[in-house]
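Just below is one structure, and these are the notes that go with it.
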Amino acid sequence: MMFPLVRDLAREGIPVTLSCRVLGFSRQGYYAWCAGPVCERDWSDAHVINEIRSIRKKDSTFGYRLITDELLDAHAVMGENRVHRLCRENLLYSSIIRPKRSSGKTPGPAVHDDLLKRDFTAKRVNEKWLLDITEHATT
């Protein structure tokens, strides 16, 4: 955030208009930041993150779902998605890591051997026959 720089430059006598123009943002944005440098959502999120950290000090195995339950027990009403977002943004993951399951679609061996060895040229008629499986009904 460049607004503190504009404030410091203004204290040294450089006009706010000039600083904002050089840095590439509006004067209105700077003055809005001066009126309230931290928005209500960021302020609230900071308090929730502190609560999450204190819950995780008790038990680091808690994931965001159990943390949400603990926050509800502490009378902090919020949704699971918000807690998940805050945990993800602050890298607060459960210490228990579950292995990822595979889809079960591991490639197997080829159905038939490549008898032509990718050489499709024939020296005489009816020497090599090829079939496009999409044009041939299999059932």
**Study point:** Highest-MSF residue in the chain out of GLY24, GLY63, GLY79 [GNM, Cα springs under 10 Å]
**Key:** GLY24
Review point. Could you name the aspartates and glutamates in cross-link range of LYS128, using Cα to Cα under 17 Å and dropping any fewer than eight places away on the same chain?
Key: ASP113, ASP114, ASP119
Review point. In sequence order, what are the phi-derived ³J(HN,Hα) couplings for the range 119-126 according to the Karplus relation 6.51 cos²θ - 1.76 cosθ + 1.60 with θ = phi - 60°, rounded to whole Hz, with x for glycine and proline?
Key: 9, 9, 7, 10, 8, 9, 6, 6
Exercise for review: Starting from the Cα coordinates of the range 40-89, work out the convex hull volume and express it per residue in Å³.
Suggested key: 70 Å³
Check your understanding: Taking the chain as a Gaussian network, where each spring joins two C-alpha atoms under 10 Å apart, which residue of SER94, SER19, SER54 fluctuates the most?
Key -> SER19
Review point. If the cut-off is 12 Å between C-alpha atoms, which aspartates and glutamates fall inside it for LYS117, apart from same-chain ones fewer than 8 positions away?
Key: none
Check your understanding: Over the chain, what relative contact order in percent results from Cα pairs under 8 Å that are six or more residues apart?
Key -> 13 percent
Point to revise | Cut-off 15 Å, label 7 Å out along Cα→Cβ of GLU89, residues of the range 48-76 by amide N | key: 48-53
Study note, to complete from the structure: If one compares the long axis through the Cα atoms of helix 64-73 with the longest principal axis of the Cα atoms of the chain, the angle in degrees, nearest 10, works out at 40 degrees
Check your understanding: For the range 40-89, with only Lys/Arg (+1) and Asp/Glu (-1) charged at the beta-carbon, what is the dipole magnitude about the Cα centre, in debye rounded to 20?
Key -> 200 debye
**Study point:** Dipole axis of the chain (+1 Lys, Arg; -1 Asp, Glu on Cβ), positive-most option in VAL111, ALA74, HIS47
**Key:** VAL111
Check your understanding: Does anything in the range 65-82 have its amide N under 17 Å from the 7 Å Cα→Cβ label point of LYS58, and if so which residues?
Key -> 65-78
Check your understanding: Quick one: Karplus J couplings for the range 31-42, per residue in order, coefficients 6.51, -1.76, 1.60, θ = phi - 60°, nearest Hz, x for Gly and Pro?
Key -> 5, 5, 5, 5, 5, x, x, 10, 6, 4, 5, 5
Exercise for review: Once you've got the GNM for the chain with C-alpha springs shorter than 10 Å, pick whichever of VAL77, VAL22, VAL38 has the biggest mean-square fluctuation.
Suggested key: VAL22
Check your understanding: In degrees between 0 and 90, to the nearest 10, how far off the longest principal axis of the chain does helix 80-89 point, with axes built from Cα atoms?
Key -> 90 degrees
Review point. Rounded to whole Å and sorted largest first, what semi-axes of the equivalent ellipsoid does the C-alpha gyration tensor of the chain yield via the square root of 5 times each eigenvalue?
Key: 62, 33, 13
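Read-outs throughout are calculated quantities, based only on the coordinates presented, and are distinct from any laboratory measurement. Predicted model only: the values in this text are computed from it and were never measured. Methodologically, a virtual Cβ is constructed for each residue, glycine included, from the backbone with ideal geometry; neighbour enumeration extends over all protein chains shown.
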